[in-house]
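Taken together, the values in this text are just the output of simple stated rules run on the coordinates, not laboratory data. All figures in this text were calculated on a predicted structure; none of them were measured in a lab. Positions of Cβ are backbone-derived with ideal geometry, glycine not excepted, and every protein chain shown enters the neighbour counts.
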Amino acid sequence: MSKIKLLTDAASDISPEYEKALGIRVIPFKVAMGDKTYMSGVDFDNEKFYRMIDAYDGIPSTSQITAFEYEEIFKEIYDEGYTDVINVTINREGSATYNNACMAAESFYENNPGAKGKFTIYNIDSEGYTGAYGWPLIQAAGKIKKGSSAKEVAAYIQDWVKNCVIYFGIYTLKYARKSGRIPSAAAFVGEVMGLRPVMRIHDHEIKTHTKVRGDKSVIPKIVDLTSGEIIPKTPYCIVYGKDEAVRDELAKALTKKLGYPPSEFFQIGAAITINAGPMVVGAIFKSQRP
């Protein structure tokens, strides 16, 4: 009888409550701030990190999950009696984590030849960030409980991430400028003019899809873009940072436009906050024209 373990990293933004309730193992990222190193989700929660980054003048950084760490985790899961592990990682274009997981799988089988044919490792590149892979992992837990095979669950996740789109608005360019995502000069001009970028994430890429003027224009633009691209009547999620008011405003606007509420909310953790800042809001959905 198969026994399947779901594995992911902290950039999936799966909440501690879901992690515990569904048995999804979430690997934290190391976050460096000056001469101190922290473990996301261990040394701070999201709210504490928002305060930390607001007070920090430098540029925090995250470290990839190493092949050595992954091999140790695969061995632990194997020793616990699992027959399959489905590991979904942060976008391979934004981190070496996925490639490290693949190298770890090869090394694991070399060092544990008896596992061949008894233990299957599925490494899946999410192609994106946050709930773009947090959502299908939550759904996968339910599918496993209902008896779906590891192969079926892995196929479901792969289909979702390949067709998933995120539109999100950034309310301040301070953090994107510091992280290098947006050149300093362009960020300065954007702030002066009151421009707010609306980003599109799909197929490994983060692009500035459009720009709007002023904070009040962000949510209407996300609603228009989402309603024009989502597969009708399919689930969608809200991603947000420290401002619950904009989260609720977007949820209300999308519910009115689409005729049904969001299925889940994902609050961004350290990995996303470092690059985008804590003032963001967006929609995650399966696109009819990715």
Worksheet entry | Under 14 Å from the D35 label point (7 Å along Cα→beta-carbon), backbone N, region 55-73 | none
Worksheet entry | Student exercise, region 4-163 dipole from Lys, Arg, Asp, Glu Cβ charges, in Debye to nearest 20 | 540 debye
Worksheet item: Label-point separation (nm) for E93 and Q288, each offset 7 Å from Cα along Cα-to-Cβ?
Response: 2.5 nm
Discussion item. List the pairs from K151/K252; K145/K216; K145/K286; K146/K211; K30/K252; K151/K242 whose alpha-carbon separation is above 32 Å, in the order I gave them.
Written reply: K151/K252; K145/K216; K146/K211; K30/K252; K151/K242
Item to complete: May I ask you to list the residues of region 91-111 whose amide nitrogen lies under 15 Å from a point 7 Å from Cα along the Cα→beta-carbon direction of T66?
Response: 96-97, 100-101, 103-104
Worksheet item: log₁₀ I(q)/I(0) of the chain at q = 0.07, 0.14 Å⁻¹, via Debye over equal Cα point scatterers, no solvent, to two decimals?
Response: -0.26, -1.02
Worksheet entry | Antiparallel %, DSSP beta bridges [both residues in the chain], to 5 | 65 percent
Worksheet item: Amide H of F29: which non-local residues (sequence gap of 5 or more, or other chain) have their own amide H closer than 5 Å, using H built in the peptide plane?
Response: A10, S40
Worksheet item: Counting Lys and Arg as +1 and Asp and Glu as -1, each charge on the Cβ, what is the dipole of region 17-89 about the Cα centre in debye, to the nearest 20?
Response: 180 debye
Worksheet item: K211's amide H: which non-local residues (gap 5+, or another chain) put their own amide H closer than 5 Å, with H modeled 1.01 Å from N in plane and none for Pro or chain starts?
Response: V198
Fill in: Label-point separation in nm, H204 to Y260, each point 7 Å along Cα→Cβ
3.3 nm
Discussion item. At 222 nm, what value in deg cm²/dmol follows for the chain if DSSP H runs of at least 4 each add -39500 (n - 2.57) and the sum is divided by all its residues, to the nearest 500?
Written reply: -13000 deg cm²/dmol
Worksheet, complete the sentence: So for R0 = 30 Å, FRET eff. of K48-L22 from the Cβ-Cβ r, to 0.05, ends up at 0.80
Fill in: Inverse of mean 1/r across different Cα pairs in region 4-163, Kirkwood, Å
16.4 Å
Discussion item. Give me, ordered by chain and number, the residues 5 or more places off R92 or on other chains with an amide H under 5 Å from its own placed amide H.
Written reply: S126, E127
Worksheet item: Arranged from highest to lowest average of other beta-carbon atoms within 10 Å per residue, in what order do the peptides 262-271, 207-216, 132-141 appear?
Response: 132-141, 262-271, 207-216
Fill in: region 230-290: trypsin sites (Lys or Arg not before Pro) falling in loop per DSSP and having at most 11 other Cβ within 10 Å
K233
